[in-house]
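Structure, as structure tokens:
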Amino acid sequence: MKYLTWLIATALLLGTAGVGQAQHRPQPPAEKKMGAYLMVYFTDPTHSLFMATSRDGYSFTAVNDGQPVIAGDTIAEQRGIRDPHIYRGPDGAFYMAMTDLHLFGRQKGYRATQWERDEKAYGWGNNRGLVLLKSTDLIHWTHHELRLDQAFPELQVGCAWAPQTIYDAVAGKLMLYFTMRLGNGQTKLYYAYTDAAFTRLTSAPKLLFDYPDPAVQVLDADITQLPDGRFCLMYVAQEKPGGIKMALSDSIHSGYRYNPMWVDAAPGACEAPNVWKRIGENKWVVLYDIFSIQPHNFGFVQTTDFTTFQDLGRFNEGVMKTTNFTSPKHGAIIQLTAKEADRLERHWQRKNSGGKKTLGKN
């Protein structure tokens, strides 16, 4: 079933090309060829993008000596980014999406007011845009800024954040899903399709999931396809305290069935769930951001069946470790081949060999 789903997805992505032709086109490596992990995240002080690698999926080391690999003020209209997510498409390329927002823009001198629009009408009036990047090597990236309020003025977009990418094999397109507030209403989860170049949306946003209690805001969606073909939606329900819940569906963008169970093991409020699979094992890990503790930290739970979840603790307080960074925010993890991880690490080692730190796009 899993192989068949991949085969269909590849054929659809390549249009009229047959399977024989597709073998000569770029494709993602099989899991048996994977040998490392990549985590992307940001930090509040920098509002920039960081990357960390791991060989065992337990201990992570940030590249570029723990400094940003792309400065937020070089790629975002608001001079800062948040909520980075990375995804490897069926074409083998890497897709990153993130929120275009600097929370402290006024303090940094980027704008004269706290928000550029009326807060009563729009809430956080500046995060109405997303940043889209695409790469084949994790080093060189194309870059596009997507203003949702300009692309869809009829929606009266108040805020948009936490975009993530997945491939819809049925539609044969990349699907971007994200949190959005219309005007200053409730935050809800939406999806839309992108063009192949990952530069714009080709469809209007549609509702992804409806929480049964309309008074509860939902945000920060993460979609994973399970081995049986179903889709698992992890998301944040802002109850008291807010935390991670999940819903299952046979469709990637509709029909998610509410489950009241809490997935996270955080003592207080948390957000930003991200599901990733351990290489060669029947184990999936849910990463989440515990913003309600000081200093804030990532928490982790692990599952083999998406029914029961084992608490793995937090970074540096259990089996999960960091070696040269602390307090990451809103992360995402994918599998890499050992060669891909080696190339990324060597690139940043060369950049720093003369003691010079390099920020911005490379």
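The set of residues in the stretch 224-276 that are crowded, with 18+ Cβ neighbours inside 10 Å and basic (K, R) contains only K245.
Inspect all residues belonging to the stretch 285-305 and state whether any of them is closer than 30 Å to P153 by Cβ and in contact with a Leu (Cβ under 6 Å, 6 or more places away or on another chain). Spell out the reasoning first.
In the first step, residues of the stretch 285-305 are kept if they are closer than 30 Å to P153 by Cβ; the result is none.
No, the stretch 285-305 has no match at all.
Residues checked against (1) among the basic types (K, R); (2) over 24 Å from H140 (Cα atoms); (3) touching a residue at least 12 places away in the same chain (Cβ under 8 Å):
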| site | (1), (2), (3) |
| --- | --- |
| L312 | no, yes, yes |
| V319 | no, yes, yes |
| H330 | no, no, yes |
| L336 | no, no, yes |
| R343 | yes, no, yes |
| S353 | no, no, no |
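Can you find, within the stretch 146-169, the residue that is farthest from V218 (Cα to Cα) among those that are more than 16 Å from the chain's Cα centre (by Cα) and polar (S, T, N, Q)? Within the stretch 146-169, the match that is farthest from V218 (Cα to Cα) is Q150. Suppose the filter is under 25 Å from Q225 (Cα atoms) and crowded, with 20+ Cβ neighbours inside 10 Å; does Q335 pass it? For Q335, the condition - under 25 Å from Q225 (Cα atoms) and crowded, with 20+ Cβ neighbours inside 10 Å - is met. Is there a residue in the stretch 167-185 that is in contact with a helix residue (DSSP H, G or I) (Cβ under 7 Å, 6 or more places away or on another chain), aromatic (F, W, Y) and in contact (Cβ under 8 Å) with a residue 12 or more places away in the chain? Checked against the condition, which is being in contact with a helix residue (DSSP H, G or I) (Cβ under 7 Å, 6 or more places away or on another chain), aromatic (F, W, Y) and in contact (Cβ under 8 Å) with a residue 12 or more places away in the chain, the stretch 167-185 yields at least one hit. Among the listed residues G313, G229, G280, identify the single one that is more than 29 Å from P29 (Cβ to Cβ) and small (G, A, S). After applying the criteria, what remains is G313. Residues in the stretch 141-163 that are under 23 Å from P212 (Cα atoms) and in contact (Cβ under 8 Å) with a residue 60 or more places away in the chain: A160, W161, A162, P163. Confirm whether E317 is at pLDDT 95 or above, within 24 Å of G89 (Cβ to Cβ) and assigned to a loop (DSSP other than H, G, I, E, B). When the stated conditions are applied, E317 does not pass them. Screening T46, T53, T74 for residues that are surrounded by fewer than 23 Cβ atoms within 10 Å (Cβ to Cβ), within 16 Å of L344 (Cβ to Cβ) and among the β-branched types (V, I, T) leaves exactly one candidate, T53. The residues listed here are E340, E345; of these, the one that is at pLDDT 95 or above, in a helix (DSSP H, G or I) and buried (at least 20 other Cβ atoms within 10 Å of the Cβ) is E340. Note on the stretch 95-107: residues that are in contact with a Lys or Arg (Cβ under 7 Å, 6 or more places away or on another chain) and either without any contact (Cβ under 8 Å) to a residue 40 or more places away in the chain or assigned to a strand (DSSP E or B) (or both) amount to 4. Considering every residue within the stretch 58-69, establish whether at least one is under 16 Å from E145 (Cβ atoms) and crowded, with 20+ Cβ neighbours inside 10 Å. Among the residues of the stretch 58-69, not one is under 16 Å from E145 (Cβ atoms) and crowded, with 20+ Cβ neighbours inside 10 Å, which makes the answer no. Taken over the stretch 62-88, the criterion of being outside any strand (DSSP E or B), of a type in the set (D, E, K, R) and in contact (Cβ under 8 Å) with a residue 40 or more places away in the chain is satisfied by D65, E77. Every condition in (1) closer than 15 Å to L49 by Cα; (2) touching a residue at least 60 places away in the same chain (Cβ under 8 Å); (3) surrounded by 15 or more Cβ atoms within 10 Å (Cβ to Cβ) is met by G123 except one, and the failing one is (1).
The values are calculated or read from the model by the stated rules, or taken from the named source; none is laboratory data. For clarity, every value in this text was computed on a predicted model and none was experimentally measured. Heads up, the Cβs are rebuilt from the backbone with ideal geometry, glycines too, and the neighbour counts pull from every protein chain shown.
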